[in-house]
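Below: one structure, written as structure tokens.
The values are calculated or read from the model by the stated rules, or taken from the named source; none is laboratory data. Note that the structure is predicted; figures quoted are calculated from it, not measured. Glycine gets a Cβ as well: all are built from the backbone with ideal geometry, and neighbour counts include every protein chain shown. Keep in mind that these areas ignore ligands, DNA and RNA; they rest on the heavy atoms of the full protein, side chains included. Shrake-Rupley method; radii C 1.70, N 1.55, O 1.52, S 1.80 Å.
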Amino acid sequence: APDVAEDVELADSVSMAMLLVLETLGPTERAVFVLREVFDLGYDEIAEAVDKSPAAVRQIAHRARGHVAARRPRGATSAAEPRRTVEAFQQAVETGDLRRLLDVLAPDVVLLTDGGGVVRAALAPVVGADQVARVLGRIATAMTLEPTRVNGDPALIVRLGGEIDTVLALRVDDGLVTGLYAVRNPEKLSRLERETALRR
């Protein structure tokens, strides 16, 4: 069984930020990137799995690595900066202040939603500050937002009638929200308030 160190290493390598980045890749790029970078498979094996030539797979891997590198966090920031950004984001959503919301969203922000096929969620990523602000504007008055941390990242618990409706994880870079991951899947949300023990 994996030890605690391995669990922590896995959690760190599959951070919310990385998941958000991977979701912006196309299906083939994502498969090639994960098979090469995570599982260290050879290009020939990957080519067979994705039904492409090894040369094409090398090119896809190169492109995917560049895409991931470009969207990684851009340097260390103080803990206060993301907190201020999340507070400004929360206030803008709660008050329905579209101008303020646009000020805190990066122009190329990406919103991903997970309804698990059970509750309503966007089927494709929502890209761009205007589009994301429009979606967020719909939740403003009916719900309450509670700051928290999920997998080490800043997040907001969205409650409707006192019940958890959504967990919204945020990625913050240079004082702007660059990624949002909204989990609405009831099965995943049922585990939110239970502790998960790490094995020793």
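Some observations on this one:
- Yes/no for residue 50 being over 19 Å from residue 171 (Cα atoms), at pLDDT 90 or above and open to solvent by less than 50 Å² (accessible area, probe 1.4 Å): yes
- Taking the stretch 112-139 as the range and being open to solvent by less than 40 Å² (accessible area, probe 1.4 Å) and at pLDDT 90 or above as the test, the residues that pass are 128, 129, 132, 133.
- Cβ-Cβ under 9 Å pairs, at least 6 apart or on other chains, the stretch 179-200 side within 30 Å of residue 108 (Cα to Cα), far side at pLDDT below 60 and in a loop (DSSP other than H, G, I, E, B): 183/192
- The stretch 146-192 - residue that is in contact with a Gly (Cβ under 9 Å, 6 or more places away or on another chain) and among the acidic types (Asp, Glu) and, of those, nearest to residue 124 (Cα to Cα): 187
- Hits in the stretch 30-47 - residues which are part of a helix (DSSP H, G or I) and either at pLDDT below 90 or open to solvent by less than 40 Å² (accessible area, probe 1.4 Å) (or both): 30, 31, 32, 33, 34, 35, 36, 37, 38, 43, 46, 47
- Considering 142, 88, 182, the condition of being modelled with pLDDT of 90 or more and either open to solvent by less than 80 Å² (accessible area, probe 1.4 Å) or under 14 Å from the mean Cα position of the chain (by Cα) (or both) is satisfied by 88 alone.
- Test for residue 70: is it over 21 Å from residue 158 (Cα atoms), within 19 Å of the chain's Cα centre (by Cα), of a type in the set (A, V, I, L, M) and at pLDDT below 85: yes
- Residues of the stretch 147-175 satisfying the condition of being over 22 Å from residue 98 (Cβ atoms), among the charged types (D, E, K, R) and open to solvent by 70 Å² or more (accessible area, probe 1.4 Å): 149, 163
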